[in-house]
Amino acid sequence: MSFPTSQKFEGTIGGRTLAIETGTFAEQANAAVTVRYGDTVVLVTVCASKSSGQRFDFLPLTVDYEERLYAAGKIPGGFLRREGRPSQEAVLASRLIDRPIRPLFPKGFTEEIQVIATVLSADRENTPEVLALIGASAALSMSDIPFAGPISATRVGYINNQLVANPIYSDMQYSLLDVVVAGSEDAVIMIEAGSKEVSEELILEAISFGQQINQDVIRIQRNLCEACGKQKMPLPETAEPNQEMVDAIFATVGDQVNSLFGKTKTEREGILSSIKDCLVTELGETYPAQEMFAALDVQLKKAVRTAILEEGHRLDGRITTEVRPISCAVSLLPRTHGSGLFRRGQTQVLTITTLGSMDEEQRLDGLTLEENKRFMHHYNFPPFSTGETKRIGTPGRREIGHGALVEKAIAPVIPREEDFPYTIRLVSEVISSNGSTSMASTCGSTLSIMDAGVPILAPVAGIAMGVITGEDGKYAILTDIEGIEDAYGDMDFKVAGTAEGITALQLDIKVKGISHEILKHALAQARDARLFVLSKLQETIAASRPELSKYAPRMVRIQVSPQKIGAIIGPGGKTIRSITEETKATVNIENDGTVIIGSSNEEAVQKTIGMIEALTRDVEVGGIYTGKVTRIFNYGALIEILPNKEGLVHISELADYRVPSVEDVVKVGDEITVMVTEIDRQGRVNLSRRAVFQDTSQSSNAGDKESGEPTHHSKKHQLARSPRGGKNIKN
């Protein structure tokens with residue numbers, strides 16, 4: 001049996017070799033390639049169903065991104081010790097691949113298509129998801145599946161005032177932006193970006209830079225297709241619309257379609273329902289209802305697009321740059337740590353903030369260098385938000401994607417752990433939906449997190465932009481698109497940021513590409529809208545509240561010497577367990593000696609601080625301590641002056657008179673005040689009670705002399721005792 005010969009095509013991208021190889025793996029798939037960049041290797045396969053004859057009214061495309069932890073030399077955690085459901089990062093990677101390739105399949109092709117990207121090797125420097133997208137394009141382009149490729153993707157960073165193509169993981173911490181640009185030879189198709197309040201100009205520059213790099217990768221794919229490409233499947237014949245039926249529909253409903261303009265979504269739904277009932281009554285015996293409804297939708301889409309392009313009129317009556325009415329509220333829920341309600345038109349989102357200790361941060365088990373996450377945003381989209389009935393299950397890819405986009409938008413303004421040692425979780429509940437719930441969640445998150453008292457660097461707002469394109473390059477940019485404009489339009493461009501700059505954006509299109517001119521126009525229009533929305537947010541709450549909710553935990557950060565960590569933890573963790581059991585506070589210790597103490601009870605926090613300070617305080621010569629007698633000898637007594645720190649009081653130092661026997665003065669369990677007189681070379685601590693009497697007498701004499709009154713003191717006078725483990729009293 002002979003095996004197929006592999007072929008490799010490569011080029012230098014971003015200073016490293018990108019290699020695409022085919023013919024080695026998965027020979028039964030329609031096409032398969034491996035993409036290698038550095039030591040990261042991704043296998044991408046594409047398969048199409050074998051002419052089942054089943055027809056869909058949508059493109060049945062499935063994209064799966066499979067993380068294999070062996071790729072990074074890791075064994076999965078958990079009981080099963082194998083990969084389970086996809087991680088959030090895997091879901092986001094699947095969406096990253098799906099979004100740019102979906103609009104490039106021809107209309108009318110409805111065979112089921114599955115793209116599977118499997119990460120075989122991960123060097124934790126080069127991002128496998130970008131390679132997976134390149135591999136998907138290469139496999140589809142060389143396969144027999146109709147596809148208007150190839151396309152490419154490039155990750156762009158901005159490090160040391162310079163744009164960098166495909167920066168490695170470790171360098172991304174210094175980057176002001178993280179932009180993934182997917183594009184064809186002619187135009188940009190998809191953008192996914194997070195940034196640290198950068199300008200629109202820098203974003204546009206990064207997009208252009210990434211698109212230039214894409215051309216080099218597309219050339220590699222062209223060489224692959226010329227050598228290994230297969231003949232494409234024939235497209236099925238598409239039936240022309242039944243013009244007779246269309247004429248009958250309009251003869252029946254007349255100008256009722258025009259009555260939809262200037263109405264709200266609810267009003268339009270009522271009018272459409274009446275129109276459909278009329279069609280079924282009048283024409284139901286002649287034409288199938290679903291065919292009539294589909295034809296009606298086509299005509300409505302055409303009417304909406306024409307009105308926007310030619311007259312600048314939108315379906316709900318707004319002009320192209322107008323934002324729907326906005327209302328905001330905070331502190332709606334009595335026991336949560338923070339809450340914010342954002343409403344724009346018929347889109348309504350309630351976001352709740354919860355603060356926790358640092359040990360509640362999310363642990364990550366993936367292929368990247370990131371191992372934990374202290375800031376999280378989650379997004380829920382229940383069926384009642386659109387007036388529907390559906391099964392409620394685990395979050396889908398859309399929910400995960402929208403949640404991650406908002407998280408990316410808010411993350412740059414979250415205070416550093418050093419300044420605010422909390423784990424922060426935001427949850428956005430979509431109460432009502434009619435367009436851009438993700439950007440409404442961004443606004444709701446800003447309201448909620450400021451209501452919670454989190455000292456964010458600046459408020460963040462978001463807006464969704466759309467475009468309607470026509471012939472001869474004509475287009476119209478739409479601010480704040482609603483649901484039907486998203487469905488009938490050509491672009492969904494979400495832009496979020498502060499007054500200073502952009503923190504996140506996401507571009508998806510339904511056409512073959514978007515020009516630089518449209519992107520520039522859309523970003524400028526989005527900035528105006530973002531500033532308007534920000535002003536509405538700040539009318540409701542101008543800045544983060546100065547105090548946390550009384551129900552939120554109090555987190556305090558203290559610093560101890562790293563050499564003292566063992567004293568806090570104790571043998572087998574005994575000491576730290578005893579502290580947390582007694583105070584009910586949380587204690588997190590880092591390797592650099594940072595200790596974070598948390599509790600909703602302020603007294604518990606202060607008590608825990610005192611116990612830790614006592615454990616880590618150094619004994620000082622001349623310091624006076626109140627301690628407990630732990631053992632008695634003929635020649636003296638051992639005193640625990642600090643936790644786990646003892647010193648010896650010799651019998652001659654127990655009092656300022658001759659002591660016949662140690663037991664005459666103290667017994668085990670007594671508390672006495674002593675002074676440290678010496679710490680010898682072996683670290684042994686020598687104590688004196690007599691020195692304390694003398695020190696007190698001298699202080700008393702000095703005071704008496706100043707007042708001119710006689711001095712009276714006894715050998716057995718009582719000393720004022722500070723709390724055990726309290727501050728040292730120095731001479």
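The values are calculated or read from the model by the stated rules, or taken from the named source; none is laboratory data. For clarity, every value in this text was computed on a predicted model and none was experimentally measured. Neighbour counts run over all protein chains shown; Cβ positions are idealised from the backbone, glycine included. Surface areas here come from the heavy atoms of the whole protein model, side chains and all, with no ligands, DNA or RNA. Shrake-Rupley method; radii C 1.70, N 1.55, O 1.52, S 1.80 Å.
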* Asked: So, in segment 115-165, of the ones that are open to solvent by less than 10 Å² (accessible area, probe 1.4 Å) and β-branched (Val, Ile, Thr), which residue ends up farthest from residue 370 (Cα to Cα)?
  -> 145
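Given the residues 665, 685, 659, which is the only one that is closer than 23 Å to residue 567 by Cα, aliphatic (A, V, I, L, M) and open to solvent by 10 Å² or more (accessible area, probe 1.4 Å)?
Working: 665 fails: closer than 23 Å to residue 567 by Cα; 659 fails: closer than 23 Å to residue 567 by Cα.
Matching residue, one of 665, 685, 659: 685.
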* Asked: Within segment 437-454, can one find any residue that is modelled with pLDDT of 95 or more, out of contact with any strand residue (DSSP E or B) (no Cβ under 7 Å at 6 or more places or on another chain), among the hydrophobic types (A, V, I, L, M, F, W, C) and outside any loop (DSSP other than H, G, I, E, B)?
  -> yes
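Regarding residue 424, is this residue more than 23 Å from residue 327 (Cα to Cα), of a type outside the set (Ser, Thr, Tyr) and either open to solvent by 10 Å² or more (accessible area, probe 1.4 Å) or in contact (Cβ under 8 Å) with a residue 40 or more places away in the chain (or both)?
Details: more than 23 Å from residue 327 (Cα to Cα): yes; of a type outside the set (Ser, Thr, Tyr): yes; either open to solvent by 10 Å² or more (accessible area, probe 1.4 Å) or in contact (Cβ under 8 Å) with a residue 40 or more places away in the chain (or both): yes.
So residue 424 passes the test.
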* Asked: Of all residues in segment 449-493, how many are buried (at least 24 other Cβ atoms within 10 Å of the Cβ), of a type outside the set (A, V, I, L, M) and in contact with a His (Cβ under 9 Å, 6 or more places away or on another chain)?
  -> 1
* To do: Kindly indicate the residue of segment 593-619 that is assigned to a loop (DSSP other than H, G, I, E, B) and open to solvent by 70 Å² or more (accessible area, probe 1.4 Å) and also nearest to residue 684 (Cα to Cα) among those meeting that condition.
  => 618
* Structure fact -> Pairs returned, first residue in segment 185-207 that is within 16 Å of residue 413 (Cα to Cα), second residue that is surrounded by fewer than 16 Cβ atoms within 10 Å (Cβ to Cβ), beta-carbon separation under 6 angstrom, 6 or more apart or interchain, are 197/500
* Asked: Which pairs do you get when a residue that is closer than 20 Å to residue 436 by Cβ, found in segment 331-357, comes within reach of a residue that is of a type in the set (Phe, Trp, Tyr), reach meaning Cβ atoms under 9 angstrom, with the pair 6+ apart or on two chains?
  -> 348/342; 349/342; 349/379; 350/342; 351/342
* Structure fact -> Counting only residues that are open to solvent by 10 Å² or more (accessible area, probe 1.4 Å) and touching a strand residue (DSSP E or B) at 6+ places or on another chain (Cβ under 7 Å), segment 404-420 contains a total of 5
* Asked: Which one is surrounded by the fewest Cβ atoms within 10 Å (Cβ to Cβ) among residues in segment 311-344 that are within 27 Å of the chain's Cα centre (by Cα) and of a type in the set (Gly, Ala, Ser)?
  -> 327
* **Scope segment 166-187; condition open to solvent by less than 10 Å² (accessible area, probe 1.4 Å) and assigned to a strand (DSSP E or B); matching residues** => 177, 179, 180, 181, 182, 183
* Just one of (1) surrounded by fewer than 11 Cβ atoms within 10 Å (Cβ to Cβ); (2) in a helix (DSSP H, G or I); (3) among the small types (Gly, Ala, Ser) trips up residue 567, so point out which. => (1)
* To do: Mind listing whichever residues of segment 377-401 are open to solvent by 20 Å² or more (accessible area, probe 1.4 Å) and either small (Gly, Ala, Ser) or touching a strand residue (DSSP E or B) at 6+ places or on another chain (Cβ under 6 Å) (or both)?
  => 378, 380, 381, 387, 393, 396, 399
* To do: Could you please find all residues in segment 207-238 being surrounded by fewer than 16 Cβ atoms within 10 Å (Cβ to Cβ) and hydrophobic (A, V, I, L, M, F, W, C)?
  => 227, 233, 235
* To do: Would you be able to say whether some residue in segment 295-313 is within 24 Å of residue 430 (Cα to Cα), touching a residue at least 40 places away in the same chain (Cβ under 8 Å) and of a type in the set (D, E, K, R)?
  => no
* To do: Please indicate, with yes or no, whether at least one residue in segment 623-637 is in contact with a Lys or Arg (Cβ under 6 Å, 6 or more places away or on another chain), within 24 Å of residue 567 (Cα to Cα), outside any loop (DSSP other than H, G, I, E, B) and among the β-branched types (Val, Ile, Thr).
  => yes
* Asked: Which residues, taken from segment 53-105, are at pLDDT below 95, within 27 Å of residue 188 (Cα to Cα) and loosely packed, with under 13 Cβ neighbours inside 10 Å?
  -> 57, 58
* Structure fact -> Counting only residues that are in a loop (DSSP other than H, G, I, E, B) and surrounded by fewer than 16 Cβ atoms within 10 Å (Cβ to Cβ), segment 575-592 contains a total of 4
* Asked: Checking residue 446 against (1) open to solvent by less than 10 Å² (accessible area, probe 1.4 Å); (2) farther than 30 Å from residue 420 by Cα, which single condition isn't satisfied?
  -> (2)
* Among the numbered criteria (1) assigned to a helix (DSSP H, G or I); (2) modelled with pLDDT of 90 or more, which single criterion is violated by residue 328? -> (1)
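Give the number of residues within segment 490-529 that are among the basic types (Lys, Arg), in a helix (DSSP H, G or I) and either within 21 Å of the chain's Cα centre (by Cα) or closer than 21 Å to residue 309 by Cα (or both). Even if it seems obvious, please write down each step before you answer.
Narrowing segment 490-529 to residues among the basic types (Lys, Arg): 494, 510, 512, 520, 527.
Now narrow it down to the ones that are in a helix (DSSP H, G or I): 520, 527.
Going one step further and asking which of them are either within 21 Å of the chain's Cα centre (by Cα) or closer than 21 Å to residue 309 by Cα (or both), we end up with 520.
Counting residues in segment 490-529 that are among the basic types (Lys, Arg), in a helix (DSSP H, G or I) and either within 21 Å of the chain's Cα centre (by Cα) or closer than 21 Å to residue 309 by Cα (or both) gives 1.
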* Counted residues, segment 188-204 - those being within 27 Å of residue 102 (Cβ to Cβ), aliphatic (A, V, I, L, M) and buried (at least 21 other Cβ atoms within 10 Å of the Cβ) -> 6
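Look at segment 270-292 and say how many of its residues are under 26 Å from residue 244 (Cα atoms) and surrounded by fewer than 17 Cβ atoms within 10 Å (Cβ to Cβ). Full working, then the answer.
Narrowing segment 270-292 to residues under 26 Å from residue 244 (Cα atoms): 271-292.
Those still in the list that are surrounded by fewer than 17 Cβ atoms within 10 Å (Cβ to Cβ) too: 271, 273-274, 276-278, 280-282, 284-286, 288-291.
Of the residues in that region, 16 qualify.
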* For residues that are over 53 Å from the mean Cα position of the chain (by Cα), open to solvent by 20 Å² or more (accessible area, probe 1.4 Å) and over 23 Å from residue 574 (Cβ atoms), tally how many sit in segment 620-644. => 4
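I'd like to verify a number: residues in segment 268-304 that are in a helix (DSSP H, G or I) and over 30 Å from residue 478 (Cα atoms), how many? So that I can check it myself, show each step before the final result.
Residues of segment 268-304 that are in a helix (DSSP H, G or I), as a first pass: 268-283, 289-304.
Within this subset, residues satisfying the condition of being over 30 Å from residue 478 (Cα atoms) are 277-283, 289-291.
Total satisfying the criteria: 10.
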* Asked: Being in contact with a Gly (Cβ under 9 Å, 6 or more places away or on another chain) and at pLDDT below 90, is that true of even one residue in segment 593-600?
  -> yes
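I'd like the residue in segment 239-253 that is outside any loop (DSSP other than H, G, I, E, B) and either touching a residue at least 60 places away in the same chain (Cβ under 8 Å) or of a type in the set (Gly, Ala, Ser) (or both) and, out of all such residues, is least open to solvent (accessible area, probe 1.4 Å). Write out each step before concluding.
Initially, segment 239-253 is screened for residues outside any loop (DSSP other than H, G, I, E, B), giving 243-253.
Still in the list and also either touching a residue at least 60 places away in the same chain (Cβ under 8 Å) or of a type in the set (Gly, Ala, Ser) (or both): 248, 251.
On the way: 248: 24, 251: 86 Å².
Checking each candidate, the answer is 248.
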